[in-house]
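The values are calculated or read from the model by the stated rules, or taken from the named source; none is laboratory data. All values derive from a computational prediction rather than experimental measurement. A quick note on method: Cβ atoms are made from the backbone with ideal geometry, for glycine too, and the neighbour counts reach across all protein chains shown. Accessible surface areas use protein heavy atoms only, side chains included; no ligands, DNA or RNA. Shrake-Rupley method; radii C 1.70, N 1.55, O 1.52, S 1.80 Å.
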Amino acid sequence: MAPQRHLLMGILWILGGVLFAEAPDPAFGKFHIADPESAKRGQVALTSRAFTPASFTTDSLATVWRIWTKTKPLDPIGAARDRFGLHEAPYPNGDLPMGLRKGTIALGIQGLALDCMVCHGGSILGKSMVGLGNSSLDLQSLFEELPGAGARRFPTPFHFSRTRGTNEAVATSVYLLALRNPDLSFQITKSDPKLVDTLCGNVPAWWLMKKKATLYATGEGDARDSRGIMQFSLHPLNQRSFFEKEESTFKDILHYLYSIEAPKYPFPVDQSLAGRGEGIFRSHCAKCHGTYGSNPTYPNKIVPLEDVATDPQRLKAYPMDFAQKFSQSWFSKGHEGWFADGYQGRVNHGYQAPPLDGIWATAPYLHNGSVPTLAHLLDSKTRPSRFTRSYRTAESDYDKEKIGWVIRPIDSSVRPANTHEARKIYDTKELGRSNRGHDYGDTLNEEERKALLEYLKTL
Ligand code: HEC
Ligand code: HEC
C-alpha cells in the first residue's frame, strides 16, 4: 500500500471510524482461535449460571397456563414451552427449558432467571443447541405472562418482540443503558433513550463468531471484545462491581463462543450437483461470503445499503445517541480491540455479509428474519409476503426442498383478535420487516439455483 494511502486511511479512521472494504485492521481475515481451557470454563459458566437476578417466581412456568386456558394441560411446563417457544435444555437444567434457570430475586428469595440461551439457544430437527438463534421465541408473551404466573398479564415498557422468532434486544440495551452513567453507576435522572423497538432482530448463530472481526447486523461491534457483550447482562440490580467481577468470566464465554462448531446437514446430499453449485457460489457469492472447505476465507464485508438493498430500518433507525453513549461507557473501555485504542464505535453504512457455515440450520434469513427458506432467498420474486409457521422444530416443520421452515401463506384479510396469535404472522409490509433486496440469485436459472442450494447444504 502506498504511504499516502496509509496516511489518508489513518486520518479518516480517526475522524469517523469509517469501515473500508479492505480494512487496515490486522484482525480482519484472521479467525479467532479459542483457548480450550478458557472455552471450557466459559461453557460451564454459560450453562450453569444466570448473570441477571431472577425476574419470575419459581412456580410461574408451571402455573402460567391459567392465562390462556381454563383446563390445566397434562404437561403444564411443556405447554408453557410451546407457548413461548422455549426448547428442552441440552445440558442439566432441572425440568426447566433452555433460557430459564433458578436464581435469586433479591434478599435470598428464589425465583426463575433468564439467561443468554432464551435467545441464543435454538432447536433444529427437534434437537436443542446452544448457539443456534431461537427462532421460535415469543419474548413478548413471555414478559407479559410469566411475571403474573397466570394470574394477570403485565404491560412491558416497550415491545420486546413484534413478530415471533425476532426480538428487540437492541431496544433492551438502549433502555437499560439510559439508567447509567458512563462508569455504569446509576443515573439519578433517566435520560431520554430515544428507543426504537421496530428493528426485528434475527439472532445470529454463535458459531460464526470465530470468523468475524465485526459483530452485529451492521458490524458496529468488535468480535475480540468481551466487555462489549456484557451489555447483555445489564439489569437494574447489577451494579458496576458485578461487571468488574465477571469480566474474566465473559472473556471465557467469548472463547466458548469461538469454539462452537456449526451442525452438519444430516440428510443425503447430491455431491455432483453440489460440486456444480460450488462453482456458481465462487463466481456469484464468495466475494462477499468467503470460501469454505479446507482453506476457508472470510472477507468480513459490510456491504453498502444501496447494494444489498435489504430492509433499511436496522441501519437507519439504530439510535446513534445510544451508540455514542455506549462508546463512552465502561463497556467500551476493554483491554483489547479497537476500543482500547480510544476507538469510538464503528459507524457503517450497510449490512455485514455473514459467514454461511451451518446456513441450512439457521432459517429464517436476513437480519430481520423476513425470508423463511434458502430457496426463497435465492429467487426474490418467490418470497412470501405474509406467512406463518408452526414455530416448532421437528423434522416435519423443516422444508428439505426449500431448506428452511415450512410456512403457510396468510391472506392480508386475516387479522387475529389477540396479539399472541397476531405475532405468529410475519407481515413483510410492516416497518422493519421488508423482505426486499439481496437479489444476487435472481440472475441465475432454475438449474443453477438448484445446484447452488445443494452446495449451501454442505457448508
Ligand atoms: C433478548 C434476546 C437476547 C438475549 C437475552 C441475548 N442476546 Fe445476544 N443477540 C441478540 C440479538 C437479536 C443479536 C443480534 C443483534 C443485531 O445485530 O441487531 C445478538 C447478538 C449477539 C452477539 C453478536 C453475534 C454476531 O455474530 O454478531 C453476541 C456475541 C451475543 N449476542 C452474546 C450474548 C450473550 C453473551 C448473552 C447473555 C449474556 C446474550 N447475547 C443475550 C439477542 C439476545
Ligand atoms: C455484494 C455482496 C453479496 C453478494 C454478492 C451475495 N451476498 Fe449474500 N448477503 C450479503 C449481505 C450484506 C447479507 C446480509 C443482508 C441482511 O441481513 O440484510 C447477505 C445475506 C445472505 C444470506 C442470509 C444469511 C443469514 O444468516 O441470514 C444468505 C443465505 C446469503 N446471503 C447467500 C448468498 C448467496 C448464495 C449468494 C450468491 C448467489 C450471495 N449471498 C451473494 C451480501 C452478499
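How much FRET efficiency would the formula 1/(1 + (r/R0)^6) give for LYS190 and ASN295, where r is the Cβ-Cβ distance and R0 is 56 Å, rounded to 0.05?
Details: r = 51 Å, r/R0 = 0.92.
The computed FRET efficiency comes out at 0.65.
Through the Karplus equation 6.51 cos²θ - 1.76 cosθ + 1.60, θ set to phi - 60°, convert the phi angles of the range 316-326 into ³J(HN,Hα) values in whole Hz; use x for Gly and Pro.
7, 9, 4, x, 5, 4, 5, 4, 5, 5, 4
I'd like to check one number: the per residue accessible area of the range 221-356, probe 1.4 Å, reported in Å² as a whole number.
Details: 6180 Å² over 136 residues.
I get 45 Å² per residue for the range 221-356.
On the full set of protein chains, 1.4 Å probe, figure out the accessible area of SER385 and give it in Å² to the nearest 10.
Approximately 60 Å² for this residue.
When the solvent-accessible surface of protein heavy atoms is calculated with a 1.4 angstrom probe, in what order do LYS402, LYS381, LYS30 fall, highest first? Display every interim value, and only then the final one.
Details: LYS402 85, LYS381 160, LYS30 125 Å².
Result of the area sort, largest leading: LYS381, LYS30, LYS402.
Suppose R0 equals 30 Å; then what is the FRET efficiency for ARG386 and LYS333 from their Cβ-Cβ distance, rounded to the nearest 0.05? Before the final figure, lay out each step's value.
Values: r = 45 Å, r/R0 = 1.50.
So, using R0 = 30 Å, E works out to roughly 0.10.
Please find the FRET efficiency linking SER283 to GLU261, where r is the Cβ-Cβ separation and R0 is fixed at 22 Å, and quote it to the nearest 0.05.
Numbers: r = 28 Å, r/R0 = 1.26.
Using R0 = 22 Å, I get an efficiency of 0.20.
Just grab the label-to-label distance for LYS30 and ALA151, each label 7 Å out from Cα along the Cβ direction, in nm (one decimal).
Result: 5.6 nm between the two label points.
Based on Cβ point charges of +1 for Lys and Arg and -1 for Asp and Glu, what charge dipole magnitude is obtained for the range 3-457 about its Cα centre, in debye rounded to the nearest 20?
Values: 55 positive and 49 negative charges, 143 e Å.
Computed charge dipole of the range 3-457: roughly 680 debye.
Provide the packing ranking of 118-126, 441-449, i.e. peptides ordered by the mean count of other C-beta atoms within 10 Å per residue, highest first. Walk me through the intermediate numbers first.
Details: 118-126: 21.4, 441-449: 13.0.
Descending mean neighbour count gives 118-126, 441-449.
Probe radius 1.4 Å, ligands and nucleic acids left out: which of CYS285, CYS200 has the largest accessible area, and how do the rest follow? If you can, show how the numbers build up before the last one.
Working: CYS285 25, CYS200 0 Å².
Per-residue accessible area, sorted high to low, gives CYS285, CYS200.
So what is the calculated 222 nm ellipticity per residue for the chain, using -39500 (n - 2.57) for each DSSP H run with n of 4 or more, over all residues, to the nearest 500 deg cm²/dmol? Write down the numbers at each step before the final one.
Numbers: 17 runs with 135 residues, N = 459.
When only DSSP H runs of four or more count, the value is -8000 deg cm²/dmol.
I'd like the accessible area for TYR298: 1.4 Å probe, protein heavy atoms, all chains in place, Å² to the nearest 10.
10 Å²
For the range 368-373, just list the computed ³J(HN,Hα) in residue order, Karplus coefficients 6.51, -1.76 and 1.60, θ = phi - 60°, integers in Hz, with x standing in for Gly and Pro.
10, x, 7, 10, x, 9
Could you give the semi-axes, largest first, of the ellipsoid that matches the chain, computed as the square roots of 5 times the alpha carbon gyration tensor eigenvalues and rounded to whole Å? Write out the running numbers ahead of the final one.
Values: eigenvalues 212, 177, 89 Å².
In descending order the semi-axes read 33, 30, 21 Å.
In the full protein assembly as shown, how much of GLU37 is accessible to a 1.4 Å probe, in Å² to the nearest 10?
Accessible surface of GLU37 is approximately 120 Å².
Please report the carbon-and-sulfur percent of the accessible area for the chain; probe 1.4 Å, protein heavy atoms only, DNA, RNA and ligands left out.
Values: 11700 of 20790 Å².
Answer for the chain is 56 percent, counting heavy atoms of protein chains only.
With the crude spin-label approximation of a point 7 Å out along Cα→Cβ, what separation in nm comes out for TYR440 versus ARG240?
4.5 nm
Which order do you get for ILE229, ILE188 if you rank them by accessible area with a 1.4 Å probe, largest at the top? Don't skip to the end; give the middle numbers.
Numbers: ILE229 20, ILE188 165 Å².
My answer, sorted largest first, is ILE188, ILE229.
Using the per-residue mean of other Cβ atoms lying within 10 Å as a proxy for protection, in what order, highest first, do the peptides 218-227, 97-106 fall? Before the final figure, lay out each step's value.
On the way: 218-227: 22.9, 97-106: 19.8.
Going from most to least packed, we get 218-227, 97-106.
For the range 3-457, what's the relative contact order in percent, using C-alpha pairs closer than 8 Å and at least 6 residues apart? Write out the running numbers ahead of the final one.
Values: 870 pairs, mean separation 85.0, N = 455.
Relative contact order comes out at 19 percent.
With each pseudo-label sitting 7 Å past Cα toward Cβ, what's the LEU96-SER413 distance in nm, one decimal?
Rounded to a tenth, the inter-label distance reads 4.7 nm.
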